[in-house]
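Below: the structure, in structure tokens.
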Amino acid sequence: MNDFALIGPILAAMFAAATPLLFAALGELVVEKSGVLNLGVEGMMLVGAVCGFAVTIQTGSAVTGFLVAALAGAATASLFAVLTLFLLANQVATGLALTLFGVGLSALIGQGFVGIPLEGLPKLYIPGLTDLPVVGQALFGQDIMVYLAIAAVPLVHLFLYRTRAGLVLRAVGENHTAAHALGYKVLRIRFLAVLFGGAMAGLGGAFLSMDYTPMWAENMTSGRGWIALALVVFATWKPVRAMLGAWLFGGVTILQLHVQGLGIDVPSQLLSMLPYLATVLVLVLISRDIARIRLNAPACLGKLFHPDA
Amino acid sequence: MGKAVLGLAGAAIALSVGMGAGIGSALAQDKLKVGFVYVGPVSDHGYSYQHDQGRLAVEKALGDKVTTTFVENVPEGADAERVIEQLAASGHKLIFTTSFGFMNPTLKVAKRYPDVKFEHATGYKRAENVATYSGRFYEGRTVIGAIAGKMTKSNIIGYVGSYPIPEVVGGINAFTIALREQNPKAEVRVVWVNSWYDPGKEAEAAKALIDQGADVIVQHTDSPAPIQTAQERGLWSVGQSSDMTRFGPKSHLTAIVEDWNGYYVQRVKAVLDGSWKPIDTWGGIGTGMVELAPYNPAIPADVVKMADQLKADIVSGKRHSFQGPVKDQAGKVVIPEGKTATDEQILKMDWYVEGVQGKVPK
């Protein structure tokens, strides 16, 4: 087989592999822009994955499944929001606890749904375009969720940088005291941001359980929530860069599997390490430019706020 | 970092659940308490699931004489020792620890509890009160290799591997030898995912292999994701550990099924009648420890006949999975004509036979 012909399938697999990361990372990006650090992404993804799967099995409707997954992710996130925003719990500890909670809760909910196969989403097929050599399948042959994740990128960007609500959200993340003094409801804005992050994480998880590998399995996110968290920093809190980062991660993962299959003599453990190595490398590169991080990292990230203080 | 934390939490949750069950069963004083320690969730429909089927078989066969407890999701590390110790301390007189990484923890606890009997799966260290057991899964891989050789059209077989340990490498070799006997033009491409259980990554590996032209996907990982992927692409697949037909009825040729039921019942009986000894058991198709899942109806009758004959020959000893001459990738004869691989050679296998692409990761 001509190795050149593999470029198309690799690209197609890359976009699909990037999709759960992109959903979760975009959500977390908005959360962090509002000044909140929620490390519970993995847990919220798992709850979304199991709820989406369970509802799809029960109702037979994937649309309902994804909606419920988003709601379930948001509901899980609301726990975090109540604890950290109103009860002033430490965000890092609460986020970690949320992941542990999500792992356990999803396993509990999923007990009755283990081992049930589900049909994945249909792939798009546009005669002519999907048949294009090399890029056809990758660009025009994916399923709807892959395109939705990509469509969310400009939407989040426009919201953050072109709307008044986005400006207020960023202001809250930069300086909550000043925003409060100006009369903005800091806690309400952060609460909504955290809910949005949870909903997006839920969608990312549901993409895995309902489409990517259509089944429910305990802990099936296998650390993708943590990669999504790293992606936000990797992207220096910019939506478009988060997308490029997700593609890079997806691409390196897929590429290393192909390198092995072709029998190219590189240790597989080293190849498995590549996506993480890439993160470290990019973090080192962007860290050399302190100004860039300072400009983009929300100044109040992870700091507690109490309106009466 | 995430994984370590998760593992810990998993252990804590599993431990409390498992211990809860232990307390409940403490009411039945005279019954023999048997404990099981699993590395994964019982719901993995693979490795741990099959061990738990064995536990249920014990309850079914000896229900009035025993009570059983299991602890799932136990990480292979310091936590394992605590879990095993807990079981020993709470009155379990026979404890099965079912993963390779539980070997040293099992021996440590066994030393402190000389009156408790332990059974460790897939390990090699024994003691006065520690027996070992495992399955000759490579025998099953010989049969699926022969079937794959008949079913492939592209002559490329994709193999999703977990970790490059002797059990998995030996499985690839047994598979490839039988594959090329039926079809000398066929070759095997291996992709390692460096995990026993990561559905996403297993699916990605299967996709990569299919994109490279493979039309049969074989796996030595535990999730059914590769089966689903093969079904989606309209290609063949072979399941692992238990019958995975329901994840790809059109794709699933058969699966290697690990059947511990008979062994567990027999060992618990041995403790009950006092005949238990710390022996080493390595059972294959002949002892029923290794089985093949029902064949896909789409497999032609002559192929089924060939596979059944091969199974019978393995049981009768007429055929060995590693029967000379076996050549390595460089064409050097490693197992000469008229000889078969020794158990030690199989247990230490770290080289590929002719017909496997790439090199074994070191």
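Identify the residue in the stretch A:187-203 that is closer than 29 Å to A:I57 by Cβ and among the small types (G, A, S) and, among all such residues, is farthest from the other protein chains (Cβ to nearest Cβ).
Here the residue is A:A199.
For the stretch B:6-55, what are the residues that are at pLDDT 80 or above and under 26 Å from A:L98 (Cβ atoms)?
B:V39, B:G40, B:P41, B:V42
Does the stretch B:144-171 hold any residues that are hydrophobic (A, V, I, L, M, F, W, C) and within 18 Å of B:I227 (Cα to Cα), and which are they?
Those that are hydrophobic (A, V, I, L, M, F, W, C) and within 18 Å of B:I227 (Cα to Cα): B:I144, B:I147, B:A148, B:M151, B:I156, B:I157, B:V160.
Conditions first: (1) touching a strand residue (DSSP E or B) at 6+ places or on another chain (Cβ under 6 Å); (2) of a type in the set (F, W, Y); (3) closer than 21 Å to B:V34 by Cα. B:W260 passes all but one, so which condition is the exception?
So the condition that B:W260 fails would be (1).
So, B:S316, is that one surrounded by fewer than 16 Cβ atoms within 10 Å (Cβ to Cβ), more than 14 Å from chain A (Cβ to nearest Cβ), among the polar types (S, T, N, Q) and under 30 Å from B:V66 (Cα atoms) or not?
No; evaluated as a whole, the condition is false for this residue.
A:G183: within 24 Å of A:V36 (Cβ to Cβ), more than 12 Å from chain B (Cβ to nearest Cβ) and touching a residue at least 60 places away in the same chain (Cβ under 8 Å), yes or no?
no
Does at least one position in the stretch A:122-134 carry a residue that is within 14 Å of chain B (Cβ to nearest Cβ) and modelled with pLDDT of 85 or more?
no
B:T245 - would you say it is buried (at least 24 other Cβ atoms within 10 Å of the Cβ) and either facing another protein chain (nearest Cβ under 9 Å) or of a type outside the set (D, E, K, R) (or both)?
No: the conditions fail for B:T245.
Condition check: of a type outside the set (V, I, T), in contact (Cβ under 8 Å) with a residue 12 or more places away in the chain, loosely packed, with under 15 Cβ neighbours inside 10 Å and touching a strand residue (DSSP E or B) at 6+ places or on another chain (Cβ under 8 Å). Does B:K311 satisfy that?
No; evaluated as a whole, the condition is false for this residue.
Quick check: anything in the stretch A:200-210 in contact with a strand residue (DSSP E or B) (Cβ under 6 Å, 6 or more places away or on another chain) and farther than 27 Å from A:Y161 by Cβ?
Yes, some residue in the stretch A:200-210 is in contact with a strand residue (DSSP E or B) (Cβ under 6 Å, 6 or more places away or on another chain) and farther than 27 Å from A:Y161 by Cβ.
A quick yes/no check of all residues on (1) touching a residue at least 40 places away in the same chain (Cβ under 8 Å); (2) over 24 Å from the mean Cα position of the chain (by Cα); (3) more than 14 Å from chain A (Cβ to nearest Cβ); (4) at positive phi:
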{"site": "B:W260", "(1), (2), (3), (4)": "yes, no, yes, no"}
{"site": "B:P294", "(1), (2), (3), (4)": "yes, no, yes, no"}
{"site": "B:P297", "(1), (2), (3), (4)": "no, yes, yes, no"}
{"site": "B:G338", "(1), (2), (3), (4)": "no, yes, yes, yes"}
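Just give me the residues in the stretch A:135-160 being aliphatic (A, V, I, L, M) and within 14 Å of another protein chain (Cβ to nearest Cβ), in sequence order.
Selection gives A:A138 alone.
Is it the case that the stretch A:236-253 has a residue that's at pLDDT 90 or above, buried (at least 20 other Cβ atoms within 10 Å of the Cβ) and within 10 Å of chain B (Cβ to nearest Cβ)?
Among the residues of the stretch A:236-253, not one is at pLDDT 90 or above, buried (at least 20 other Cβ atoms within 10 Å of the Cβ) and within 10 Å of chain B (Cβ to nearest Cβ), which makes the answer no.
Going by the structure shown, is B:I210 closer than 20 Å to B:W351 by Cα and modelled with pLDDT of 95 or more?
For B:I210, the condition - closer than 20 Å to B:W351 by Cα and modelled with pLDDT of 95 or more - is not met.
Counting only residues that are of a type outside the set (A, V, I, L, M, F, W, C), touching a helix residue (DSSP H, G or I) at 6+ places or on another chain (Cβ under 9 Å) and farther than 29 Å from A:T221 by Cα, give me the strands (runs of 3 or more DSSP E) lying completely in the stretch B:211-327 with at least 1 of them.
Strands (runs of 3 or more DSSP E) meeting the threshold: B:280-283, B:290-292.
Which of the following residues is crowded, with 24+ Cβ neighbours inside 10 Å, acidic (D, E) and out of contact with any Cys (no Cβ under 6 Å at 6 or more places or on another chain): B:E202, B:E167, B:E181?
Being crowded, with 24+ Cβ neighbours inside 10 Å, acidic (D, E) and out of contact with any Cys (no Cβ under 6 Å at 6 or more places or on another chain) holds for just one of B:E202, B:E167, B:E181, which is B:E202.
Do you know which residues across the stretch A:188-216 are of a type in the set (S, T, Y) and not in a loop (DSSP other than H, G, I, E, B)?
Listed by number, the residues that qualify are A:S209, A:Y212.
Table: residues versus (1) surrounded by 24 or more Cβ atoms within 10 Å (Cβ to Cβ); (2) assigned to a helix (DSSP H, G or I); (3) of a type in the set (S, T, N, Q).
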| position | (1), (2), (3) |
| --- | --- |
| A:T19 | yes, yes, yes |
| A:A24 | yes, yes, no |
| A:G43 | yes, yes, no |
| A:A54 | no, yes, no |
| A:T76 | yes, yes, yes |
| A:L79 | no, yes, no |
| A:L83 | no, yes, no |
| A:V92 | no, yes, no |
| A:L108 | no, yes, no |
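Which one is surrounded by the fewest Cβ atoms within 10 Å (Cβ to Cβ) among residues in the stretch A:217-235 that are aliphatic (A, V, I, L, M), at the interface with another protein chain (Cβ under 10 Å from one of its Cβ atoms) and assigned to a loop (DSSP other than H, G, I, E, B)?
Selected residue: A:M220.
Cβ contacts < 7 Å: first residue facing another protein chain (nearest Cβ under 9 Å) and in contact (Cβ under 8 Å) with a residue 12 or more places away in the chain, restricted to the stretch B:346-362; second residue in a loop (DSSP other than H, G, I, E, B) and of a type in the set (G, A, S), any location; separation 6+ or different chain. Result?
As it stands, the answer is B:Q357/A:G263; B:G358/A:G263, since those pairs meet every condition given.
Would you call A:A206 in contact with a helix residue (DSSP H, G or I) (Cβ under 7 Å, 6 or more places away or on another chain) and away from every other protein chain (no Cβ under 14 Å)?
Spelling it out, it is not the case that A:A206 is in contact with a helix residue (DSSP H, G or I) (Cβ under 7 Å, 6 or more places away or on another chain) and away from every other protein chain (no Cβ under 14 Å).
Just one of A:T94, A:T99 is facing chain B (nearest Cβ under 10 Å), farther than 22 Å from B:Y47 by Cβ and modelled with pLDDT of 85 or more; which is it?
Among A:T94, A:T99, only A:T99 is facing chain B (nearest Cβ under 10 Å), farther than 22 Å from B:Y47 by Cβ and modelled with pLDDT of 85 or more.
So, A:V50, is that one within 14 Å of chain B (Cβ to nearest Cβ) and in contact with a Ser or Thr (Cβ under 9 Å, 6 or more places away or on another chain) or not?
yes
Taking the condition within 13 Å of chain A (Cβ to nearest Cβ), of a type in the set (D, E), surrounded by fewer than 24 Cβ atoms within 10 Å (Cβ to Cβ) and over 26 Å from A:A49 (Cβ atoms), does B:D211 pass?
No, not satisfied.
The values are calculated or read from the model by the stated rules, or taken from the named source; none is laboratory data. Predicted, not measured: the structure shown is a model, and the values here were computed from it. FYI the Cβ positions are ideal-geometry reconstructions off the backbone, even for glycines, and counts take in every protein chain you see.
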